[in-house]
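Each value in this text was obtained by applying a stated rule to the coordinates, not by laboratory testing. In this text the structure is predicted, and so the values were computed from the model without any measurement. Note that each Cβ is placed from the backbone with ideal geometry, even for glycine, and that neighbours are counted across all protein chains shown.
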Amino acid sequence: MKMLKDESGSSLLFEYILFSLICIGFFMVVSINSNEIFIQRPNEVVMEDEMSDIGNMMSTLITDIYLILPDNGKIETEYRIPEKVGKETYIINADIAYTDQIIEVVSSSGKTVRVTIGGIATTMPINGTVSSSSTYHMISYDSTR
């Protein structure tokens, strides 16, 4: 009498169960982390880029004012800023740092982007804070003072 060793039925079942468990595990890991992978991280990147753009816009605006500044006169200019970055409000601070002027954009969640204005801080000090709660703002400079 011959011994038949046909184990294909049990190995197919074992392969199916193992493959199913691996797929279910992979799906669970992806679904648990999908919020961070697909929503939070791209939102952070977009917010950082938008905040950097706003800081560069302020830097360009201040540099333009510096270039057309009269010796004895006053300049006033209005500008607009976006109401929100991502889904958050923000504050723009202009403070004097060591040798450069720093434009700092801080979101309500605490994310910060800093942009420098090279060389202007020594000749024309700039201080101020702006909130995104109002979209229309004004910069004024009086060189007679």
**Report entry** Loop-located GluC sites (Glu not before Pro) in the range 22-112 whose Cβ has at most 12 other Cβ within 10 Å (DSSP)
**Finding:** GLU83
Query raised in the report: How high is the relative contact order of the chain, in percent, with contacts defined as C-alpha pairs under 8 Å that are six or more residues apart?
Result: 26
Query raised in the report: Given charges of +1 on the Cβ of Lys and Arg and -1 on the Cβ of Asp and Glu, with all other atoms neutral, how large is the dipole of the chain about its Cα centre, in debye to the nearest 20?
Result: 360
Report task. Convert each backbone phi in the range 59-75 into a coupling constant with the Karplus relation 6.51 cos²θ - 1.76 cosθ + 1.60 (shift: θ = phi - 60°), then list the ³J(HN,Hα) values in order as whole Hz, x for Gly and Pro. Result -> 4, 5, 4, 5, 5, 4, 4, 4, 6, 9, 5, x, 5, 10, x, 10, 10
Query raised in the report: Along the charge dipole of the chain, Cβ charges K/R +1 and D/E -1, which of THR123, GLY73, SER11 sits furthest on the positive end?
Result: SER11
Report summary line: To the nearest 10 degrees, the tilt of helix 8-35 (Cα long axis) against the first principal axis of the alpha carbons of the chain is 10
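How big is the Kirkwood radius of the chain, worked out from every pair of different alpha carbons and given in Å to one decimal?
Result for the chain stands at 19.6 Å.
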Query - Residue among ALA94, SER132, LEU21 farthest towards the positive dipole end of the range 8-142, charges placed on Cβ - result: LEU21
Report task. Please find, in a Gaussian network model of the chain (springs between Cα atoms separated by less than 10 Å), the residue of VAL29, VAL113, VAL130 whose mean-square fluctuation is greatest. Result -> VAL29
Query raised in the report: Rounded, prolate or oblate: which fits the range 45-111, taking a ≥ b ≥ c as square roots of the Cα gyration tensor eigenvalues, rounded meaning a/c under 1.5, else prolate when a/b beats b/c?
Result: prolate
